[in-house]
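The values are calculated or read from the model by the stated rules, or taken from the named source; none is laboratory data. Please read these numbers as outputs of a predicted model, since none were measured by experiment. FYI the Cβ positions are ideal-geometry reconstructions off the backbone, even for glycines, and counts take in every protein chain you see. Keep in mind that these areas ignore ligands, DNA and RNA; they rest on the heavy atoms of the full protein, side chains included. Shrake-Rupley method; radii C 1.70, N 1.55, O 1.52, S 1.80 Å.
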Amino acid sequence: MNSSIILSIINHGDSEKITALLNSLEKMEDTNRLQLILTDNLNHELSEFDASAWNSLQIIRNPKPLGFAQNHN
């Protein structure tokens with residue numbers, strides 16, 4: 001993917017806020033410009049979230065909570 005914007009979102013128990021953010025970003029999704037990486041740091045908070053409608057969204061589900069650096073690297 002050749003993206004202009006890469007956005008990494010880490011979930012620390014804010015699923016309602018993340019859903020609102022993703023709903024807003026979905027309106028701007030362009031697979032040539034945007035890549036979204038959503039990390040479920042609690043490994044269950046977003047288990048129901050379906051990314052199949054997205055072209056630019058990748059979900060990472062941590063088996064255990066990680067710190068800031070580990071979530072972004």
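Remark: relative contact order (the chain) = 35 percent; criterion is Cα-Cα distance under 8 angstrom and separation of 6 or more residues.
Helical content alone sets the calculated 222 nm signal of the chain at -6500 deg cm²/dmol, taking -39,500 (n - 2.57) per DSSP H segment of four or more residues and averaging over every residue. Placing a label point 7 Å from the Cα of Ser4 along the Cα-to-Cβ direction, the residues of the range 48-62 with a backbone N closer than 17 Å are 56. Shown for the chain: the carbon plus sulfur share of the solvent-accessible area, taken with all protein chains present and a 1.4 angstrom probe, equals 48%. Think of each Lys and Arg Cβ as +1 and each Asp and Glu Cβ as -1; about the Cα centre, that makes the dipole of the chain roughly 240 debye.
The residue list Ser47, Leu7, Leu57 was ranked by how far each Cα lies along the charge dipole of the chain toward its positive end, using unit charges on Cβ atoms, and Leu7 comes out on top. Given the choices [x] 12.0, 32; [y] 14.2, 45; [z] 12.3, 46, Rg and Dmax of the Cα atoms in Å derived from the coordinates of this structure is entry [x].
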